[in-house]
1. What is the spin-label model distance, in nm, from residue 86 to residue 291 if the labels are put 7 Å beyond Cα along the C-beta direction?
2. Beyond 26 Å between alpha-carbons counts as too far, so tell me which of 46/179; 80/169; 80/246; 127/183; 127/292; 115/140 fall in that bin.
3. If you average the C-alpha positions of the stretch 49-125 and of the stretch 204-224 separately, how far apart do those two centres end up, in angstrom?
4. Once you compute Rg and the Kirkwood Rh from C-alpha atoms, what is the Rg to Rh ratio for the stretch 239-293?
5. What percent of all Cα-Cα pairs in the stretch 48-186 falls in each 10 Å bin, counting up from 0?
6. Work from the charge dipole of the stretch 43-214 (Cβ charges, +1 for Lys and Arg, -1 for Asp and Glu, about the Cα centre) and give the residue of 203, 84, 129 farthest towards its positive end.
Amino acid sequence: MQKGCKKGTGRFLHLRYNAMRLANPYKLTTTQKGDEMPRQPRRLSKSGMYHIVFRGVSHCHLFEEQEDFTKLLELLSKVKEELSLKVYAYCFLDNHCHLLIEEESPGLIITAMRKLLSTYAFWFNRKYLRSGTLISNRYKSECVEDESYLLALIRYIHQNPYAAGIVDKLEAYRYSSYKDYVKNHRSLVDTGFVLGMFSTDRAEALIQFIAFHNDTEKRDYSLSDKTRKPEGQIHQEICSALGSLKPSDVCGLPKQERDTVLATLRKSGLTIKQIERATGISQAIIARSVSKAR
């Protein structure tokens, strides 16, 4: 479900959209012949800023190797330039991604995410000879209209890999925007705006930015109601059990070999749901494979 906008009166607000509200950009979706059900419209942010979260279908992995992460970054950079977006933070993990984006005009975020996700899904499926949906349902978005929420959200996004047990230092994670801030990399991230909220002097702003990130963000901005075992830990366990085999390769194995692998993963202590998220194989098939092996 779409969550409501975070509201406040922070000094960063660009309330330039008050007289520019768009009509519902979603068409009616036909569920049965003669019946139409309106799709829940997305809320449009008064500041133009959104926290975006998208996940792999059935929580399957969106990335299998470094090239995949790099490709999504390239596509994000291209969409940013085409649509004049501003990117303030990002973090790509194995099966989900966080973005903090500002649009130039109301509703542009819809076009941006459609371009980004459809292009990446097509590229990923072609690369791995895969068919079907890659991204789970609609991406989730939440309006960012308060300065304190903005800063807490950026910290939360950057601390995701640490919280998942993937790294022990924020700057060690390659696929988040934290390094773009602290190492002053030229990248797609618009670091000046956020650093300017700490100090007009960049050196002092960076000191305060790092200190701010050294405090753990205790609030959950995952846009999900569920708490799961850290994905980094799950991925490590699956890779350890599979050896040289990639999780995405399991579904393409001969049935007998596939069933043996699935049963082995289950015996290793992984749940059927965790195996489904990693391999893309349905819970029903996994359950049957485990049953046959008994």
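Bear in mind that the values in this text are calculations on the coordinates, not laboratory data. Source: prediction; values computed, not measured. Note that each Cβ is placed from the backbone with ideal geometry, even for glycine, and that neighbours are counted across all protein chains shown.
1. Each label point lies 7 Å from its Cα, and together they span 5.6 nm.
2. In this structure, 46/179; 80/169; 80/246; 127/183; 127/292 exceed 26 Å between Cα atoms.
3. Spelled out, the Cα-based centre of one part sits 22 Å from the other.
4. Using only Cα positions, Rg/Rh for the stretch 239-293 is 0.89.
5. Cα pair-distance distribution for the stretch 48-186, in percent: 11, 43, 37, 8, 0.
6. 129
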